[in-house]
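Please read the structure below before turning to the comments.
The values are calculated or read from the model by the stated rules, or taken from the named source; none is laboratory data. Here the structure is a predicted model, which means the values were calculated and not measured. When we count neighbours, we look across all protein chains shown, and the Cβ atoms used for this are built from the backbone with ideal geometry, even at glycine.
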Amino acid sequence: MPGEKTQDLGGGFRIIQNPEYFPFGTDAVLLADFAKMKRGERAADLGTGCGIIPILMCARTKGIHVTGVEIQEPLADMAKRSVLLNGLGESITIIHGDFREPGTAAPGFDAVVSNPPYEKKNSGMRSENESRNVAKREEMCTLEDVLAAASRLLRAGGRLYMIYRTERFAELMEKMRRSGLEPKRVMLVSQRTGEAPNFALVEGRKGAKEGVKFLPPLAVYEKDASYTPQAKKIYRI
């Protein structure tokens with residue numbers, strides 16, 4: 001595809017990117033690290049984009065299988081080719097489809113991962129690039145859609161892993177519980193040391209009892225714009 005470039009992810013892994021489509025960011029890297037998996041488990045990534053989260057998850061944990069679902073066909077195609085580029089065809093399946101449709105993927109996953117659109121449909125300025133609008137704004141799926149799909153796809157006791165803006169944190173907690181996904185772990189994330197958090201990494205469990213644990217917060221950058229020790233460990237640098 002015109003404009004495509006291959007980016008090195010470290011550890012021998014690479015990914016195909018295209019500036020015409022919304023690129024992956026720090027939030028995807030943090031979420032892939034936060035989503036703890038065990039050998040033999042199966043996960044679904046809702047709105048997988050270029051496939052960055054499944055690739056990073058499989059790079060971190062051997063013997064798992066991740067199914068990525070992406071509604072934008074060009075992105076699904078890029079993700080499929082990135083999977084083949086990394087020799088992960090037996091570990092990752094990419095589906096071009098709408099995860100809101102019950103027949104897109106079969107239920108029974110141990111975990112569901114999602115880095116969903118953060119902005120409401122009618123908020124802020126629209127981009128001239130429609131693919132970026134889909135990635136950033138609730139134009140093709142809402143928070144409720146993501147949570148409903150996660151609840152449907154997870155087995156009893158299965159885990160949901162998400163990253164979301166703190167300004168909508170209360171809404172996320174309320175709607176998770178309404179969907180039968182009890183919040184269990186939260187890690188607040190700030191851009192720089194000493195700044196207020198702007199993201200929250202959240203784990204929920206299907207059908208679990210009440211009780212949430214707040215983990216030590218994470219800052220991505222020091223005040224001098226260098227990576228913090230926590231971030232270096234996640235990025236493996």
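For the reader, a short list of remarks on this structure follows.
- Of all the numbered requirements in (1) more than 16 Å from the chain's Cα centre (by Cα); (2) surrounded by 14 or more Cβ atoms within 10 Å (Cβ to Cβ), A200 misses one, and that requirement is (1).
- Restricting D45, D27 to residues that are within 12 Å of the chain's Cα centre (by Cα), crowded, with 20+ Cβ neighbours inside 10 Å and among the charged types (D, E, K, R) narrows the list to D45.
Residue-wise test of (1) at pLDDT 95 or above; (2) under 19 Å from I52 (Cα atoms).
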| residue | (1), (2) |
| --- | --- |
| D110 | yes, no |
| E119 | no, no |
| A149 | yes, no |
| A156 | yes, no |
| Y164 | yes, yes |
| A170 | yes, no |
| M173 | yes, no |
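- Pairs are defined by a Cβ separation below 8 Å, a sequence spacing of at least 6 or placement on different chains, a first member in region 224-237 that is in contact (Cβ under 8 Å) with a residue 12 or more places away in the chain, and a second member that is of a type in the set (A, V, I, L, M) and assigned to a helix (DSSP H, G or I); the pairs so defined are I234/V29; I234/L30; Y235/V29.
Each row is one residue, and each column tells you yes or no for (1) at pLDDT 95 or above; (2) assigned to a loop (DSSP other than H, G, I, E, B); (3) under 28 Å from R152 (Cα atoms); (4) touching a strand residue (DSSP E or B) at 6+ places or on another chain (Cβ under 8 Å).
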position: M1; (1), (2), (3), (4): no, yes, no, no
position: Q7; (1), (2), (3), (4): no, no, no, yes
position: R14; (1), (2), (3), (4): yes, no, no, yes
position: F24; (1), (2), (3), (4): no, yes, yes, yes
position: L31; (1), (2), (3), (4): yes, no, yes, yes
position: D45; (1), (2), (3), (4): yes, no, yes, yes
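- Positions within region 53-89 being out of contact with any Asp or Glu (no Cβ under 9 Å at 6 or more places or on another chain), β-branched (V, I, T) and touching a residue at least 40 places away in the same chain (Cβ under 8 Å), in sequence order: I55
- The one condition from (1) touching a helix residue (DSSP H, G or I) at 6+ places or on another chain (Cβ under 7 Å); (2) at pLDDT 95 or above; (3) among the basic types (K, R) that R126 does not meet is (2).
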